[in-house]
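Here is the structure we will look at.
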Ligand SMILES: NC(=O)C1=CN([C@@H]2O[C@H](COP(=O)(O)OP(=O)(O)OC[C@H]3O[C@@H](n4cnc5c(N)ncnc54)[C@H](OP(=O)(O)O)[C@@H]3O)[C@@H](O)[C@H]2O)C=CC1
Ligand SMILES: N[C@@H](CC=O)C(=O)O
Ligand code: NA
């Protein structure tokens, strides 16, 4: 057996991900040392409650509630606590003590990324975060390294396992939103507060990270437009399938030319959308994630796999751990985050996409013409209309239902169209408005 120098690894957090990192690190220690060229000695695991039950179990002698004592003696600090504080303070302490840091904490990176990257650059440390987006899927490293020579133009991704699990269960088995969420939580996919998942906050954090990395700029979290899935109903999911679509919550990041000026801006948004059943994203089931990247020279690339879960996410953390250890062996400063492009953030109102609008209307001659005129008056072109008329037997049903799919239009023209529809006498209700992606 080769004798390696040992690197001291401190782990902050021994929950769903942390406990699996410990398990893999202790089980595969020798193999990892051979790959890294250095031994990875786990010096301790900081938790809140030393007596809590953990799966897989963590040897008791490794557990401590004193995170700071672990940090000061570590070469590499792995932050798997989640949340903003004390995670931010601990990560800064680790960086300032000269340690490299690995984190899976997208909330921390999307909120305090620039401060942390700056601190790392100052001392020549490196911050690794492959697990923060797409769980086990290699996506950070491909963007940072493999695509560093290209220009990424668009990212379209399913980046939250919990919400994909819920929408998929509602579609495939007719499960309720509540049951599916409870199961996703039991399986360890959901955040400590699942509002972060179902409200689209987790996906927005990942969109901010992806857009910043892909477009070499800084996209603050509050610049990401966000809608969650809490308003999506069983009947919308059923109606979508009947019409040849599936509903997915997507993170969409785009580099867009501003009004033909040759200048570019960035847009990042998260919202539920209809995806045609034939689209590859429609086939992403369970807690899996998929990220499509379009780049000028590379064309379209797709990254697919487990987006959440303890062992899966631990795989990405351990990959970072081996990279960090190799860097220690080689020496030299870390690579600074590339944010030089400094692109303006474009408002949601200027975003272009297609829409599906469901309306109930009175059943009288000329209604279709009135509706078509309302669309064209607001600069929105209609691609397809389907109409269902009440069969006359059930008075509780609306007189007629129209489902309209538009061509590409701006968010602002769509919003004024919907306002005009709602105010018109022939429309009895605007039942739903969903964006359509992937056509
Ligand atoms: N779960 C997943 O599938 C994925 C999670 N992530 C990210 O990984 C990180 C960890 O997630 P996960 O493992 O699910 O979270 P858990 O809630 O399961 O685990 C958090 C761990 O951190 C410890 N902890 C929390 N606060 C403190 C504190 N103040 N001091 C000391 N220890 C503390 C907890 O201690 P105790 O056990 O005693 O309560 C627990 O061991 C998060 O940033 C999450 O967003 C990323 C990708 C996937
Ligand atoms: N809660 C997140 C965990 C991974 O980032 C998810 O469901 O995707
Ligand atoms: Na990843």
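The values are calculated or read from the model by the stated rules, or taken from the named source; none is laboratory data. No experiment lies behind these values; they were computed from the predicted model shown. In this analysis, Cβ positions are derived from the backbone assuming ideal geometry, glycine residues included, and neighbour counts consider all displayed protein chains.
Structure summary
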item	result
Spans of strands (runs of 3 or more DSSP E) in segment 287-375 with at least 1 residues farther than 30 Å from residue 385 by Cα and within 18 Å of the chain's Cα centre (by Cα)	288-295, 299-306
Test: residue 256 is assigned to a strand (DSSP E or B), touching a residue at least 24 places away in the same chain (Cβ under 8 Å) and closer than 30 Å to residue 386 by Cα	no
Unmet criterion (only one of (1) in a loop (DSSP other than H, G, I, E, B); (2) within 16 Å of ligand 3 (Cβ to nearest atom)) for residue 251	(1)
Segment 165-197: number of residues that are buried (at least 17 other Cβ atoms within 10 Å of the Cβ) and either under 18 Å from residue 110 (Cα atoms) or near ligand 2 (Cβ under 9 Å from one of its atoms) (or both)	9
Checklist (1) buried (at least 18 other Cβ atoms within 10 Å of the Cβ); (2) under 21 Å from residue 311 (Cβ atoms) applied to residue 35, failing item	(1)
Test result for residue 19, within 10 Å of ligand 1 (Cβ to nearest atom), out of contact with any strand residue (DSSP E or B) (no Cβ under 6 Å at 6 or more places or on another chain) and outside any loop (DSSP other than H, G, I, E, B)	yes
Helices (runs of 4 or more DSSP H) contained entirely in segment 81-192, each with at least 2 residues that are away from ligand 3 (no atom under 16 Å from the Cβ) and farther than 30 Å from residue 10 by Cα	161-172, 177-186
Subset of segment 13-39 that is over 18 Å from residue 56 (Cβ atoms) and touching a helix residue (DSSP H, G or I) at 6+ places or on another chain (Cβ under 6 Å) - its residue that is farthest from ligand 3 (Cβ to nearest atom)	39
Single match in 166, 95, 155 (criterion: away from ligand 1 (no atom under 13 Å from the Cβ), closer than 26 Å to residue 292 by Cβ and touching a strand residue (DSSP E or B) at 6+ places or on another chain (Cβ under 7 Å))	155
Unique match (being within 24 Å of residue 309 (Cβ to Cβ), outside the structural domain of residue 107 (by TED's automatic domain parsing) and in contact (Cβ under 8 Å) with a residue 12 or more places away in the chain) among 265, 200, 244	200
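Okay, residues lined up against (1) away from ligand 2 (no atom under 14 Å from the Cβ); (2) more than 18 Å from residue 317 (Cα to Cα); (3) modelled with pLDDT of 95 or more:
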{"position": "71", "(1), (2), (3)": "yes, no, yes"}
{"position": "80", "(1), (2), (3)": "no, no, yes"}
{"position": "84", "(1), (2), (3)": "yes, yes, yes"}
{"position": "100", "(1), (2), (3)": "yes, no, yes"}
{"position": "107", "(1), (2), (3)": "no, no, yes"}
{"position": "119", "(1), (2), (3)": "yes, yes, yes"}
{"position": "128", "(1), (2), (3)": "yes, no, yes"}
{"position": "154", "(1), (2), (3)": "yes, yes, yes"}
